[in-house]
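Here the structure comes first, spelled out in structure tokens, and everything after it is commentary.
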Amino acid sequence: MAQNALSIELAYASKAEAVIHPGLQHIDMDGISRSKVFLHGAREIPFHWHREMEILIILKGSAKIVVESRLCLMREGDLMIINAHEAHNSVSLSAETVICGVHLDPAHYERLGLTGFSERSFYCRSFLHGKSFDKISRTIKAFVARMILTDQEQPAEIAIHAAMATALACCIYKSVPWTKFDRNNIDKNRGGRERILRVIDRLSRAYRTPALSELAEAEGVSLAHLSRLFRAHTGVTFRQYAQGVKLDVIMEDLLTSDETVSSIMEARGIGNPSLFFNRFRERFGCSPAKFREHGLTTGTVHELPNDIQTGALNSLLQHLEHLPIASELTFGLSAISNRKVAVSAFHSFPTTRAR
């Protein structure tokens, strides 16, 4: 496959798709493979969950991922499976961070023959496994890379994408350690999850950010308890999250109103202008005035610059080099005793009886 024919299938989302709201997500899956690929640069993805499993790979940089209150620090090359219904978020730790992955519908592949697939909770965090896991990790990355990369000159790409998704599901089913899916554990965490969602919802609707003490009083819990619960579920402190929300709403104000920057800051309760300007530049890459001047939209802040997009393409192509080994591990029969292998392709037709 020639490199110049390849492109990244999903380099960045549209404005509508770029926004991920806290809570339960309904992912628009491909109708044939029941999968959805993604690739994005540095961004913060809020606390959410979905009924699909998620295979996540750090192509470049680093990120802090919280899964069901467990903090994971992931660096370049790290791989993780986030099981269906597990609440998680993502905070990029460097401006050059690039993350890619795939959502898979376990129920679909169970119907295709992977018995009990949707009832398995897979344990896959490459940074916690030993060297013996490297081959499995390379295999998963190869299939994911092939799903994200598309050869625009080939009409068979849809079928190849579906084949790679099936191969990925088979590889996970055969090779990744797992335990029985614990629905009781999900139910046990639901109370805290719903509480944090209520807090996040109040933050998103408030014109001025309420104090954590005010939110704790409304929830009927102590300030210390709500602070611990918020960090456990979101991976960031309440102050950090609230600052991010404030930056987002000010960004919207800049795009939708004619008020001066200073008037907007005053209305939104910004008490330290120099600190605000520094954080705005860190998040959006320019000053508020420059942001308004260029008429940027919420979709463009998630697009990948050309150099980062090229780097992502090269990283995916490197993972693609392991596709032959991945095929051997997933489809080979070397580990099966000859006594268990049977020929199943004799050419025969049903006989018809003469009347």
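The values are calculated or read from the model by the stated rules, or taken from the named source; none is laboratory data. Note that this is a predicted model, so its numbers are computed, not measured. Note that each Cβ is placed from the backbone with ideal geometry, even for glycine, and that neighbours are counted across all protein chains shown. Surface areas here come from the heavy atoms of the whole protein model, side chains and all, with no ligands, DNA or RNA. Shrake-Rupley method; radii C 1.70, N 1.55, O 1.52, S 1.80 Å.
Things to note:
- For segment 266-292, a residue qualifies if it is out of contact with any Lys or Arg (no Cβ under 9 Å at 6 or more places or on another chain) and part of a loop (DSSP other than H, G, I, E, B), and the qualifying residues are G271, N272, G285, C286.
- Restricting attention to segment 78-97, the residues that are farther than 20 Å from M164 by Cβ and modelled with pLDDT of 95 or more add up to 2.
- On the stretch given as segment 310-324, residues that are in a helix (DSSP H, G or I) and open to solvent by 70 Å² or more (accessible area, probe 1.4 Å) total 3.
- Which numbered condition A167 fails, given (1) at pLDDT 95 or above; (2) in a helix (DSSP H, G or I); (3) open to solvent by 30 Å² or more (accessible area, probe 1.4 Å); (4) not hydroxyl-bearing (S, T, Y): (3)
- Residue check, I65 open to solvent by less than 10 Å² (accessible area, probe 1.4 Å), of a type in the set (A, V, I, L, M, F, W, C), in a strand (DSSP E or B) and closer than 21 Å to M164 by Cα: no
- Residue in segment 69-76 that is surrounded by fewer than 19 Cβ atoms within 10 Å (Cβ to Cβ), in contact with a Gly (Cβ under 9 Å, 6 or more places away or on another chain) and farther than 28 Å from R195 by Cβ present: yes
- Residues of segment 278-292 classified as more than 29 Å from V66 (Cβ to Cβ) and open to solvent by 50 Å² or more (accessible area, probe 1.4 Å), total: 3
- Hits in segment 84-105 (condition: open to solvent by less than 10 Å² (accessible area, probe 1.4 Å), closer than 22 Å to C171 by Cβ and either among the hydrophobic types (A, V, I, L, M, F, W, C) or not in a strand (DSSP E or B) (or both)): I99, C100, V102, L104, D105
- Some residue of segment 232-247 being within 23 Å of V91 (Cα to Cα) and more than 25 Å from the chain's Cα centre (by Cα): no
- Enumerated helices (runs of 4 or more DSSP H) restricted to segment 177-256, each holding at least 3 residues that are modelled with pLDDT under 85, open to solvent by 80 Å² or more (accessible area, probe 1.4 Å) and out of contact with any helix residue (DSSP H, G or I) (no Cβ under 7 Å at 6 or more places or on another chain): 183-205
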